[in-house]
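Quick notes on the structure that follows.
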Amino acid sequence: MRLPDIEKLVRPNHDERARQGFVSMLRKHAIIDMRRALKDDYQTRVEPALASRGQRPTDWRGIEAAMQSEPSYRFYSSLRYNAQEMCYLSVQPAVERALPEMIDLVREAAASNPAGGSLRLDPGLELPRYVAALDVHLVPGWVHQEHTVDDVSQGAVVALGGKVFTGQHPFRRNLGVIGESIGAWVKEKYPGFKPRRILDMGTTTGKNLLPYAAIFPEAELHGIDVGAPVLRYAHAAAGHEGIAAHFSQQNAEHTDFPDGYFDLIVSSFFLHEIPVKATRNVLRECHRLLGPGGIACHMELPDEASVDAYENFFWNWDTYNNNEPYYTSFRAEKPLELCAEAGFTPAECFAHLIPDFASTGSEKLRQFVRGEYAAPPHGSGGWFVFGGVRGR
Ligand SMILES: C[S@@+](CC[C@H](N)C(=O)[O-])C[C@H]1O[C@@H](n2cnc3c(N)ncnc32)[C@H](O)[C@@H]1O
């Protein structure tokens, strides 16, 4: 027996659905079409004009300074900012209507989850200021705000708003492409690797944890996050999928798991959202938690040194415009050095692109692991990952 689908309890009406479809298209237009147009404007108009005056920018900060007063950049930024905010606002009314039913479901899941997973919340956990002090990437209330007992609304807003954000069909199963890509890559690269336990740090609603159930069916799955509403949602959603996943409310900088408890530790879109000091703590914690032969693999934004000045200007936009203040400082770090500082030997550390499994498939992945195929750029068919393998 499976739990009902928590996502289906949220029933947008006709107008809300139309609004969500519009917002998806608006955001896609900003992030894809206008991204191209903006680069074109810089390369064909702004840069040549600066170069003719002997002022060609030499780094991304110079490009940003030059673009800030340009109408193309101002229009792009306004549209992208508003489209981002509207993704989450567009799901809020239907989430509010569904809240009583969703709360009943998360209570049912907490009392007895037929899939065998668990939920361990810690009401005494001190939320890090970097989570609680702002609406990260413009999600009102982010992952943690609670207005009633057993509140799960922020889980639904993040999960469903995320679907509007990526232009995903509302009824598509919500399994994450990053978990799928990292899992497929690890399995192909390390044949015979059989993780006993897998941990996803900063799991939010568990989307990128659940794919490991199919890839490593013997493994016990764990997801941690600091936000209670997202964990309630994650636990109910995993229960609906029939996946036994164990969610606990913990700070990834210092967890209560014993040394060497995990064989595979993963994260996605997590480290750029926390201060570099916290990232150092998280990576040290990964090193402590990994058993012999264990692997830590974090999917992240490409670091500043690995892409050109224009791309750095593009990626760092979020620092000032999207409530993600640590973007620039995180990207300025060198991932291999961060891992070595955390305790991995230089030979154990890695940092490179891997192919997106959903769009490139298993044959390309095999070619990639054999060194016969280069993964596409981050976000365009590839994902940047870094981490360490203990004693391999
Ligand atoms: C962008 S989200 C991650 C998305 C998710 N991994 C995915 O792939 O769908 C970042 C998450 O990290 C969590 N987080 C931030 N700081 C944390 C910490 N110190 N320990 C655990 N989780 C943390 C936030 O609550 C948030 O849910």
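Bear in mind that the values in this text are calculations on the coordinates, not laboratory data. What you are looking at is a predicted structure, and each value in this text was computed from that prediction instead of being measured. Cβ placement follows ideal geometry from the backbone for every residue including glycine, while neighbour counts extend to all protein chains displayed.
If exposed chymotrypsin sites (Phe, Trp or Tyr not before Pro) are those in a DSSP loop with at most 15 other Cβ within 10 Å, what is the longest stretch of the chain that has none? Intermediate values should be presented prior to the final figure.
Numbers: sites that count: Phe171, Tyr373.
The longest such stretch corresponds to 172-372.
With a/c under 1.5 counting as rounded, go ahead and sort region 68-144 into rounded, prolate or oblate using the C-alpha gyration tensor (a ≥ b ≥ c being the square roots of the eigenvalues; past the cut-off, prolate if a/b is larger than b/c, else oblate).
Numbers: a/c = 3.50, a/b = 2.00, b/c = 1.75.
Note, shape of region 68-144 comes out prolate.
Could you tally up the Lys pairs in the chain with alpha carbons closer than 21 Å? Skip any pair fewer than 8 positions apart unless they're on separate chains.
The result is 9.
Given points 7 Å out from each Cα along the Cα-Cβ axis, report the Asp135 to Ala347 separation in nanometres with one decimal.
Distance between label points: 5.1 nm.
Once you mark the GluC sites (Glu not before Pro) that are in a DSSP loop and have at most 13 other Cβ atoms within 10 Å, what is the longest gap between them in the chain?
Numbers: sites that count: Glu126, Glu218, Glu372.
In the chain, the maximal stretch lacking such sites is 219-371.
Under a point spin-label approximation (7 Å from Cα along Cα-to-Cβ), what is the Phe269-Lys8 distance to one decimal in nm?
About 2.5 nm separates the two model spin labels.
Gain in length, Arg120 to Glu220, computed as 0.36 nm per residue apart minus the alpha-carbon separation, to one decimal in nm? All intermediate terms of the calculation are to be shown ahead of the outcome.
Numbers: separation 100, 0.36 × 100 = 36.00 nm, distance 1.55 nm.
Working it through step by step, the gained length comes to 34.5 nm.
Could you grab the relative contact order for the chain? Cα pairs under 8 Å, six or more apart, rounded to a whole percent.
Averaging sequence separation for qualifying contacts and normalising by length gives 17 percent for the chain.
Counting other Cβ atoms within 10 Å, which trypsin sites (Lys or Arg not before Pro) in region 1-90 have at most 14 and lie in a DSSP loop?
On the way: sites: Arg2, Lys8, Arg17, Arg19, Arg27, Lys28, Arg35, Arg36, Lys39, Arg45, Arg53, Arg61, Arg74, Arg80; in loops: Arg2, Arg53.
Counting only loop positions with at most 14 other Cβ atoms within 10 Å, the trypsin sites (Lys or Arg not before Pro) in region 1-90 are Arg2, Arg53.
Pull out a ≥ b ≥ c, the square roots of the eigenvalues of the alpha-carbon gyration tensor of region 158-264, then state rounded if a/c is under 1.5, prolate if not and a/b is larger than b/c, and oblate in the remaining case. Walk me through the numbers before you get to the answer.
Numbers: a/c = 1.90, a/b = 1.21, b/c = 1.58.
Note, shape of region 158-264 comes out oblate.
So if we plug the beta-carbon distance of His147 and Ala18 into 1/(1 + (r/R0)^6) with R0 = 35 Å, what FRET efficiency do we get, rounded to 0.05?
Numbers: r = 27 Å, r/R0 = 0.78.
Taking R0 as 35 Å, the efficiency between His147 and Ala18 is 0.80.
Can you give the extra length, in nm with one decimal, that the chain gains between Leu50 and Lys28 once fully stretched, where that is 0.36 nm per residue apart less the Cα-Cα distance? Don't jump to the answer; show the numbers that get you there.
On the way: separation 22, 0.36 × 22 = 7.92 nm, distance 3.01 nm.
Contour length minus the Cα-Cα distance gives 4.9 nm.
Could you work out how much longer the chain between Ala37 and Glu311 gets when fully extended? Use 0.36 nm per residue separation minus the Cα distance between them, nm to one decimal.
Details: separation 274, 0.36 × 274 = 98.64 nm, distance 1.39 nm.
Using 0.36 nm per residue and subtracting the Cα-Cα distance, I get 97.2 nm.
What does the charge dipole of the chain about its Cα centre add up to, to the nearest 20 debye, if the Cβ of each Lys and Arg holds +1 and the Cβ of each Asp and Glu holds -1? Intermediate results must be reported in sequence, preceding the final value.
Numbers: 41 positive and 49 negative charges, 160 e Å.
Value, rounded to 20: 760 debye.
What are the extents of the Cα atoms of the chain along their three principal axes, in Å, largest first?
70, 54, 42
First check a/c for region 328-392, with a ≥ b ≥ c the square roots of the eigenvalues of its C-alpha gyration tensor; if it is under 1.5, answer rounded, and if not, answer prolate when a/b is larger than b/c or oblate otherwise. Display every interim value, and only then the final one.
On the way: a/c = 3.20, a/b = 1.54, b/c = 2.08.
Taking the square roots of the gyration eigenvalues as a ≥ b ≥ c, region 328-392 is oblate.
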